[in-house]
Amino acid sequence: MANNFVNKKVDITSAESAVTLYTIPSATTAIIKSILVSDDSGSGSSITITLTDTSDAVFSIAYLKTISANTPTEILTNPLVAETGEIIKVTAAQANRLHVILSAMEVTPRTVTT
């Protein structure tokens with residue numbers, strides 16, 4: 001198995017509209033280590049983070065989580081396993097305030113050559 005460390009970043013520029021942060025690639029399992037959110041407006045905000053599975057079912061990771069002004073907030077306290085085709089989306093309550101960074105390890109099957 002091959003392991004590849006990745007990070008995905010987004011500056012959320014619109015309010016109340018889900019933005020795709022990370023889509024797990026084909027033939028890959030992702031172990032999401034952290035999701036870090038920071039507010040750079042000085043006013044604070046809130047964020048909703050969801051995982052959409054391959055059946056289009058939506059699961060809440062964080063719902064209207066308060067993000068304090070000028071203080072980074074760690075969303076995950078334990079690793080989250082996501083499978084091929086699943087999507088992590090973020091929605092901000094206010095536009096142009098939140099930055100989100102996701103760190104993950106992608107695990108892909110080893111390629112066998114003959």
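Among the residues of the stretch 65-114 satisfying the criterion of being assigned to a strand (DSSP E or B) and polar (S, T, N, Q), which is farthest from Lys8 (Cα to Cα)?
Step by step, filter the stretch 65-114, then rank; the result is Thr66.
Charged (D, E, K, R), out of contact with any Gly (no Cβ under 8 Å at 6 or more places or on another chain), within 19 Å of Ser103 (Cα to Cα) and assigned to a loop (DSSP other than H, G, I, E, B) - does that describe any residue in the stretch 38-49?
no
How many of the residues in the stretch 66-112 are over 22 Å from Ser46 (Cβ atoms), touching a Phe, Trp or Tyr at 6+ places or on another chain (Cβ under 9 Å) and of a type in the set (A, V, I, L, M)?
3
Applying the selection to the stretch 30-57, what residues are small (Gly, Ala, Ser) and either touching a residue at least 24 places away in the same chain (Cβ under 8 Å) or buried (at least 17 other Cβ atoms within 10 Å of the Cβ) (or both)?
Answer for the stretch 30-57, where residues must be small (Gly, Ala, Ser) and either touching a residue at least 24 places away in the same chain (Cβ under 8 Å) or buried (at least 17 other Cβ atoms within 10 Å of the Cβ) (or both): Ala30, Ser34, Ser38, Ser41, Gly42, Ser43, Gly44, Ser45, Ser46.
Computed from the coordinates by the stated procedures, all read-outs in this text should not be read as laboratory data. The shown structure was predicted, so the numbers you read here are calculated from the model rather than taken from an experiment. Methodologically, a virtual Cβ is constructed for each residue, glycine included, from the backbone with ideal geometry; neighbour enumeration extends over all protein chains shown.
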